[in-house]
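Below you'll find the structure, written out as structure tokens, and then a few comments.
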Amino acid sequence: MAMDNRSSSILGLVSPSYGASDPGMNVPLTSNPGLSQLSPYLNFDPAYLQTTQPEFITLDGASQKRGRFELAFSQIGGSCLAGAALGGAHGVYRGLQDTAAAGHTGKIRRTQMLNYITKRGSASANTLGVVALMYSGLGWMFCYARGGQEDELNTVSAATVTGLLYKSTAGLKKCAMGGLVGLALSGLYVALASRDKIKDKYSGRY
């Protein structure tokens, strides 16, 4: 008998029996006759929700692409990593040649190789990082001076002035060469990046 009572009480907790006279079951599914249906889970009237608003989350006022300031971080970091990789590869090449010519072997040769890689890798990373920092800063300044207008002119101007400033302490000839290198590299980049725009611009004239 005790087991029967216990099992019946457990079954009553798991699957209780509701009758038609239970007041908890007499919950109306509509707030008023003729209105929208109430949610049986959230217990609120969906009629109060404004469904005229857009149901998708969009970014209002967001620019189509990242600006100069946002791109500066990736440009500087990528330039440092590229400089370290190129300098390290050059250090490996020079280290193998010099240690072989000097007849170094074993631990001495490994130490010399690490010195070559570290020295040339850090020097190249520092050089490219400084150039990228100057280019990003000048590009942002040109963009700000032109009222936030971002186009190819900022890229070419920033690269040319970067070359001029980077070699400004080495004399007029080196300064001019630096400016020409910056102008040539930026012109090549703009030509490759904007080839579709240039093609569409001149295709209608001929």
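The values are calculated or read from the model by the stated rules, or taken from the named source; none is laboratory data. The structure presented is a predicted model; accordingly, all values stated were derived computationally and were not measured. Note: ideal-geometry Cβ built from the backbone for every residue, glycine included; neighbour counts use all protein chains shown.
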Tell me whether the range 165-183 contains one or more residues that are of a type in the set (Ser, Thr, Tyr) and closer than 19 Å to residue 76 by Cα.
yes
So which pairs qualify, if the first residue must be in the range 102-127 and farther than 14 Å from residue 80 by Cα, the second must be assigned to a loop (DSSP other than H, G, I, E, B) and among the β-branched types (Val, Ile, Thr), the Cβ gap must be under 8 Å, and the two must be at least 6 apart or on different chains?
none
Take the conditions assigned to a helix (DSSP H, G or I) and either touching a His at 6+ places or on another chain (Cβ under 6 Å) or not assigned by TED's automatic domain parsing to the domain that holds residue 80 (or both) and apply them to residue 181. Does it pass?
yes
Here the residues within the range 187-203 that are among the hydrophobic types (A, V, I, L, M, F, W, C) and at pLDDT 75 or above are 188, 190, 191, 192, 193
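Let's see how each residue does on (1) more than 22 Å from residue 70 (Cα to Cα); (2) of a type in the set (A, V, I, L, M); (3) assigned to a helix (DSSP H, G or I); (4) assigned by TED's automatic domain parsing to the domain that holds residue 72:
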| position | (1), (2), (3), (4) |
| --- | --- |
| 136 | no, no, yes, yes |
| 143 | no, no, yes, yes |
| 155 | no, no, yes, no |
| 158 | no, yes, yes, no |
| 173 | yes, no, yes, no |
| 177 | yes, yes, yes, no |
| 197 | yes, no, yes, no |
| 200 | yes, no, yes, no |
